[in-house]
Every structure is written in C-alpha cells, then in structure tokens.
Amino acid sequence: MDIRNMTTTHPLDPLNGAELEDTVRALKSSGYLGADVRIVSVNLIEPGKQAISAYQPGHPFERKALAVLLDRRHRASFEAVVDLAGKSVISIVRLPDGVQPSIMLDEFIECEQAVRRSPVFQDALRKRGVLDADLVMVEPWSAGQYGTEPPEYSGIRRARALCFVRSEARDNGYARPLDSMVVVVDLYSMEVIRIEDYDIAPLPPEPGNWTREYIPAMRNDLKPIDILQRDGPSFTVEGNLVSWQKWKFRVGFTSREGLVLHTIAYDDDGVERPILHRASICEMVVPYGDPAEQYYRKNAFDIGEYGLGMLANSLTLGCDCLGLIYYFDFPLLDSRGEVTPLKNAVCLHEEDFGILWKHTDWRTGQSEVRRSRRLAVSFIATVGNYEYGFYWYFYQDGSIQCEIKLTGIMNTTALPPGGKSAYGVEVAPQLNAPFHQHIFAARLVPTVDGPENSVYEVNSVSVPTGPNNPHGNAFLAEETLFASERNAQRMVNSASARFWRVVNSRRKNRLGRPVGYRLVPGENCPPLVQRDSPIMRRAGFTANNLWVTPYHPRERFAAGDYPNQHPEGDGLPCWTKANRKIDDTEITLWYVFGHNHVPRPEDWPVMPVAMLGFHFRPDGFFDRNPAMDVPPPVSNTCCH
Ligand SMILES: [Cu+2]
C-alpha cells in the first residue's frame with residue numbers, strides 16, 4: 001500500500017497516511033515533538049452529525065486531527081489539535097497532572113527490554129533458578145490505581161509487569177507463569193522501580209505448545225469445503241462506503257476502538273432511512289477475581305488503556321474469513337511518528353446463514369424457503385495472551401448483530417504440587433486459570449428515521465389471576481419510557497425477557513406506532529466485583545447493562561478519555577450525574593455486556609472461540625417482513 005496515494009473522499013474517512021505524516025510534521029515544526037516526547041495517538045476529529053448530514057459529495061470539508069502526546073522528561077501529557085488544511089497546530093492543551101494516556105505499543109517492547117537488562121531483575125531471576133533472562137516474557141500490565149500505592153509512586157507512569165518463562169525460544173510461556181514476582185516499572189524512565197516478591201511457587205511442569213510443529217498427529221478425515229462466488233460478491237465498496245443489498249454504511253477505524261461503523265442506513269423502496277449514526281465497541285475491561293496480593297490489581301481496560309486499533313491483526317485470506325473478501329487497509333502511527341500500513345485490517349465478506357424464512361402449507365403442498373445471507377465486517381486484535389474478534393453482521397431482514405469472539409491463551413498462575421485455588425480452575429498440572437470477566441461497552445448513536453429518538457424498556461409480565469385474568473394465562477409486554485438518564489440505568493432481566501426499543505416518536509408506521517429498532521441482549525453477566533471496590537470505581541460503566549445519554553460527540557468512551565491509572569468515576573457515572581433529558585432528542589445508547597469466564601481444561605492451551613454480543617432488530621420500523629422479496633435459492637447449486 002502506498003500510503004501517499006490513499007485518498008480521502010468523505011469527512012468521516014479515517015486519517016490517511018499522508019495526513020498522519022502531515023500531523024507529525026506540523027507538531028515537529030511547532031516544536032512540540034522534542035526528543036523526550038512520544039506520540040500516543042493521532043485520530044481524526046470526526047465532524048458533528050449536522051456537518052455529516054449537510055455534506056455534499058465533491059464539496060470541500062474540514063479535516064482536523066487530535067494528537068495525544070506524552071513528554072517523558074517533564075512527566076506531562078498534551079492534547080494537540082492539528083488543522084490539516086493549514087497543516088498547523090491550532091491548539092495544544094496540557095492535561096491535568098495525573099492523567100495518563102494509554103500505554104503505547106512501543107512501551108510494551110521497551111519495557112520488556114528494560115526489565116531484562118535490569119541487574120535487580122536478573123538477580124531476582126537467579127534467586128528463582130531462571131538463568132536466561134531472554135527466555136522470560138515480561139508483560140507490562142496497566143498499573144491501575146487502588147489507593148494502596150506507596151507515596152513514591154505518585155506522579156509516575158507505571159506498569160506492573162507479569163512474567164512467564166519459556167523453556168526454549170518458541171515455547172508457550174503462558175504455560176509457566178513466574179508467579180513469585182511482579183516487576184513495577186517506571187515507564188517515563190524505563191527503569192525497574194521495585195520487584196514485588198511473593199512466595200516462590202515452582203514453575204508448572206508441562207509445556208502448553210499450540211503451533212503446528214508441536215501437534216504430534218492431526219486428524220486426517222476432513223474434506224475441503226469451498227465457498228464459490230462465481231459471479232463475484234454482492235457488495236460494492238467505494239472508498240470506505242459499503243453498499244450491500246439495501247444496506248449502506250461507512251467503515252472507519254481508530255487507534256483506540258479499531259473498527260467503527262458510520263451512517264448505517266437501509267434503502268426502503270427507494271427511501272434511504274437512517275438507523276445508526278455511529279457504532280463501535282468503545283471500552284472493555286477484564287477484571288480477575290483472585291484477591292491475592294499479586295493479583296488483585298489484575299485487570300485491563302484493553303481499549304482505553306491499550307487501544308485495539310493499534311493491536312489489530314493483519315488478516316489473511318482463507319483463514320480468518322472465507323469467500324470473496326474485500327480488505328480495508330489502515331495506516332498506523334508509532335510513538336516516534338513513523339507511519340506503517342496495516343494491511344488487511346478489516347475484512348468484509350458475505351456468508352450463507354441458514355434459512356431466512358420458510359413455510360409449507362401441508363394442505364396445498366405450497367412451500368417457500370429463503371436462504372439468509374449476511375454481510376460480515378470484522379477485525380481481530382491480539383492483546384497479549386488473548387484474541388478478540390469483533391464482528392458486525394448485516395442481515396436481509398433489516399437486523400444488525402454485533403458479535404465478539406474470544407479466543408487466544410488464558411492468563412495463568414502457578415499452583416504448588418497438590419495445591420488448588422478457590423479463585424480459579426486447574427487447567428493443566430499446577431497451572432491455574434483464574435476466574436475473570438470480559439466486559440464490553442458498545443456505543444451506539446441511533447438515528448432511527450431521524451436524529452431525535454427515545455428509548456422504551458419492554459418487560460413481559462404475568463398478570464395475576466383475578467377478574468382480568470380468570471384463567472391465569474395472561475401476560476403483557478409493558479413499555480416504560482425513559483425520560484432522563486437516571487431512569488435509563490438498567491440491567492438485563494431474562495425473567496421478564498427484557499429488551500429496549502429505540503423509537504422515533506415523530507414517525508409512525510402504518511399501524512400507528514412510532515417506528516423503532518429493538519436492542520436485544522445476548523449472553524451477559526453482572527459484574528461480580530464489590531460496588532465499593534477500586535476496580536468498580538474505575539470501571540463504573542459496568543454497573544449497568546444499559547445507559548442512555550443525550551448525544552455528545554465528546555462523550556465517546558464509557559470509562560472516560562484516560563482510564564489508565566485513573567482512580568475513579570470518569571465516563572458514564574460522571575456524565576449521567578446531571579440526569580439530563582433523553583426523551584425525543586439526540587441520544588447515545590451504551591450497551592454493556594460481559595462473558596463470565598470460569599475456565600475449563602478445554603480452554604487450554606488455546607481456547608476455542610466463545611461468542612457473545614447483541615442484536616439491533618427492526619421493531620415496527622418496516623410495515624411487514626422486509627425480506628419477502630429475497631428470491632428463492634437457485635436449486636442447481638445448493639438445494640437438496
Ligand atoms: Cu477469558
């Protein structure tokens with residue numbers, strides 16, 4: 001990919017390589033990029049909703065970049081705004097002391113190298129019988145803020161590095177956690193500031209290798225399945241605009257969220273009807289449930305503290321996705337201002353998805369069946385030991401689905417021979433996988449048939465037996481409108497088959513009800529940490545499965561802009577204190593959903609994919625099943 005040749009044709013296109021380079025150049029020429037200053041991130045400042053709806057193709061539009069900078073020597077962080085037309089810095093603000101931007105990919109590498117070089121660390125290894133520091137994997141976990149930090153840590157950008165030992169260069173280190181130490185690193189000076197010493201647990205005895213050369217015998221009875229699309233795919237892509245069947249949307253990408261979808265709309269008989277202005281997974285946190293001294297701070301905000309776009313994989317044909325694939329490439333910027341293309345960052349392809357609808361009339365013998373086709377847009381990020389796949393699916397019946405696939409290697413701790421942990425499961429001899437949760441926050445900006453929307457909660461409830469229900473069979477779907485933010489802080493409830501209906505009260509369907517879309521929860525779990533715990537104070541967004549706020553373009557991340565080392569309360573809990581009105585106005589919907597991971601031996605050494613997510617389904621948006629016009633399958637290719 002020639003990054004200079006990437007063209008920008010729409011105000012929502014992510015910054016291209018040339019624009020990233022221009023941003024770096026502008027920062028340099030204004031003197032903001034001294035030798036000790038690192039670039040944490042540079043992303044497009046997305047134009048507001050009104051600018052997007054007013055935009056006319058071919059007309060000029062504004063391009064501005066937000067750069068987050070870290071001055072290591074002066075222990076300061078900055079937000080700079082660069083105007084890309086004038087190629088100049090138009091504002092720079094020093095962030096309050098204590099604000100720590102996310103951990104940079106370069107810091108991972110530098111931190112590991114610095115730790116390995118440290119004589120204190122090498123001594124600690126010798127004490128534990130580990131002679132080769134190069135075989136130690138040093139994983140710089142974000143340090144958080146727990147109120148238990150010694151005063152000398154104050155003002156320091158820190159990592160708490162967990163260590164694992166490989167038995168040889170290509171060995172799976174997670175099989176051998178070096179559990180008796182945690183290395184505290186000053187990320188400003190890249191020096192070890194302390195080694196926390198714990199009881200020495202021996203390294204677990206078994207390897208946990210997973211690459212093909214370590215698998216002694218593969219099953220040999222698989223015949224190929226080929227996906228053939230002789231006439232090409234049914235989608236078209238122009239720049240970042242995707243059209244498929246009646247759907248239209250734009251693909252975006254940020255260093256923090258990775259894949260972002262913009263301006264999702266559906267063509268209903270020639271009328272383009274908006275549904276979502278913007279959709280992304282904007283935050284996630286993985287709290288671990290072991291209270292031991294070395295583990296209670298173990299959790300990661302993988303989006304806010306690291307950035308999933310920066311950790312995105314380059315996907316490969318025939319493995320991550322099957323069929324005719326269109327890949328989107330996006331440029332990444334490292335902390336020194338070098339632009340590198342991430343090829344095949346986002347995958348777009350179609351999938352057959354079983355039946356869409358069917359009926360057989362047993363009297364007349366009439367039978368109709370339709371195959372469901374879905375369009376999948378996805379990316380995969382590797383965060384240390386874990387992989388997260390993010391999939392958005394578009395269906396022919398007007399539904400949208402978000403699905404997250406969890407895979408990769410579990411984080412592990414060591415057990416003494418014969419030992420057990422109350423807070424985890426032994427997944428291989430002397431190897432413990434602690435209980436943990438993966439909690440995600442989706443940020444959805446609904447524009448169901450227009451910008452002003454409202455949200456109802458729908459609970460199905462039994463009617464007590466009485467004069468209105470003499471036979472005890474009655475139940476109702478009760479709708480409750482959320483008037484203000486505090487009303488809309490809700491949990492899922494399978495006992496009432498709860499869902500939420502986003503409506504446009506200004507637009508009615510032919511049956512007289514406001515048009516709407518339904519947010520249907522999938523797998524979920526409540527947070528299991530205590531309400532008053534430091535981790536809950538830092539991840540306050542996990543206290544509710546649903547939040548609704550008035551739309552505000554600056555309210556982007558559920559745990560606030562800078563969760564790294566943030567002590568408490570930022571993001572949703574902070575914004576919603578104002579209890580703003582959310583009825584019949586521009587709103588943002590935040591859906592929080594979690595996978596409660598009680599590990600199994602079958603999750604080792606690499607866990608089979610676990611999936612969770614939610615659906616966004618039309619609910620009175622159309623007048624009838626919008627997929628009646630899908631043609632019958634062609635019988636000579638697939639029907640038997
Ligand atoms: Cu897990």
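Straight-line cross-link partners of Lys577 among the aspartates and glutamates, defined as a Cα under 15 Å from its Cα and at least 8 positions apart when in the same chain: Glu485, Glu555, Glu568. Using C-alpha pairs below 8 Å separated by at least 6 residues, the relative contact order for region 439-567 is 25 percent. Comparing region 37-179 with the 2.2 N^0.38 Å rule of thumb, its C-alpha radius of gyration ratio is 1.48 (two decimals).
The alpha carbon gyration tensor of region 188-289 gives principal lengths a ≥ b ≥ c with a/c of 1.5 or higher and a/b no greater than b/c, which makes the shape oblate.
Hey, with R₀ at 45 Å, roughly what FRET efficiency would His359 and Ile90 work out to, going by the Cβ-Cβ distance, to 0.05?
On the way: r = 61 Å, r/R0 = 1.36.
Computed FRET efficiency for His359 and Ile90 comes out at 0.15.
Going by alpha carbons, how many degrees (0 to 90, nearest 10) lie between the helix axis of 105-117 and the longest principal axis of the chain? Approximately 20 degrees, to the nearest ten.
The ranking of Arg538, Arg624, Arg336 from fewest to most other beta carbons within 10 Å of each one's beta carbon is Arg624, Arg336, Arg538. Rounded to the nearest 500, the 222 nm mean residue ellipticity of the chain from helices alone is -2000 deg cm²/dmol, with -39,500 (n - 2.57) taken per DSSP H run of at least 4 residues. Each label point was placed 7 Å from the Cα along the Cα-to-Cβ direction; for Ser167 and Asp221 their separation is 3.1 nm. Peptides 516-525, 162-171 ranked from most to least packed, by the mean per-residue count of other Cβ atoms within 10 Å: 516-525, 162-171.
Using only Cα atoms, tell me the angle between helix 17-29 and the longest principal axis of the chain; keep it within 0 to 90° and round to the nearest 10. Tilt of helix 17-29: around 50 degrees. Name the shape class, rounded, prolate or oblate, that the alpha-carbon gyration tensor gives for region 146-238, where a ≥ b ≥ c are the square roots of its eigenvalues, rounded holds for a/c under 1.5, and otherwise prolate holds if a/b is larger than b/c and oblate otherwise. Judged from the Cα gyration tensor, region 146-238 comes out oblate (a/c at least 1.5, b/c at or above a/b).
Compute the length gained on full extension between Thr236 and Lys420: take 0.36 nm times their separation in residues and subtract their Cα-Cα distance, giving the result in nm to one decimal. Intermediate results must be reported in sequence, preceding the final value.
On the way: separation 184, 0.36 × 184 = 66.24 nm, distance 5.51 nm.
Stretched fully, the Thr236-Lys420 segment lengthens by 60.7 nm.
Shape class of region 467-584 from the Cα gyration tensor (axes a ≥ b ≥ c, square roots of the eigenvalues): oblate, since a/c reaches 1.5 or more and a/b does not exceed b/c. Peptides 222-232, 555-565 ranked from most to least packed, by the mean per-residue count of other Cβ atoms within 10 Å: 555-565, 222-232. Database remark: amide H of Met137 closer than 5 angstrom to the amide H of Phe164, Val165, Arg166 (H placed geometrically; neighbours at sequence offset of 5 or more, or on other chains; Pro and chain starts carry no H). The modelled label-to-label distance for the pair Tyr214/Asn487, using points 7 Å beyond Cα in the direction of Cβ, is 5.6 nm. Site pair Lys577 and Ala495 shows an inter-label distance of 3.3 nm when each label is modelled 7 Å from Cα along Cα→Cβ.
How much length, in nm to one decimal, is gained on full extension between Asp268 and Leu322, taken as 0.36 nm per residue of separation minus their Cα-Cα distance?
Working: separation 54, 0.36 × 54 = 19.44 nm, distance 2.95 nm.
Net length gain for the segment: 16.5 nm.
Which order do the peptides 145-156, 345-356, 502-513 come out in when sorted by mean C-beta neighbours inside 10 angstrom, highest first?
On the way: 145-156: 12.4, 345-356: 17.8, 502-513: 15.6.
Most protected by this proxy first, the peptides run 345-356, 502-513, 145-156.
Based on the Cβ-Cβ distance of Asp532 and Leu131, what FRET efficiency does E = 1/(1 + (r/R0)^6) give at R0 = 51 Å, to the nearest 0.05? Display every interim value, and only then the final one.
On the way: r = 45 Å, r/R0 = 0.88.
My answer for the efficiency is 0.70.
Entry note, the chain: relative contact order of 13 percent, from Cα contacts under 8 Å with a spacing of 6+ residues.
Values in this text are rule-based calculations from the coordinates and carry no lab data. Bear in mind the structure is a predicted one, so any value in this text is a computation, not a measurement. With ideal geometry, Cβ positions are generated from the backbone for all residues, glycine too; neighbour counts draw on all protein chains shown.
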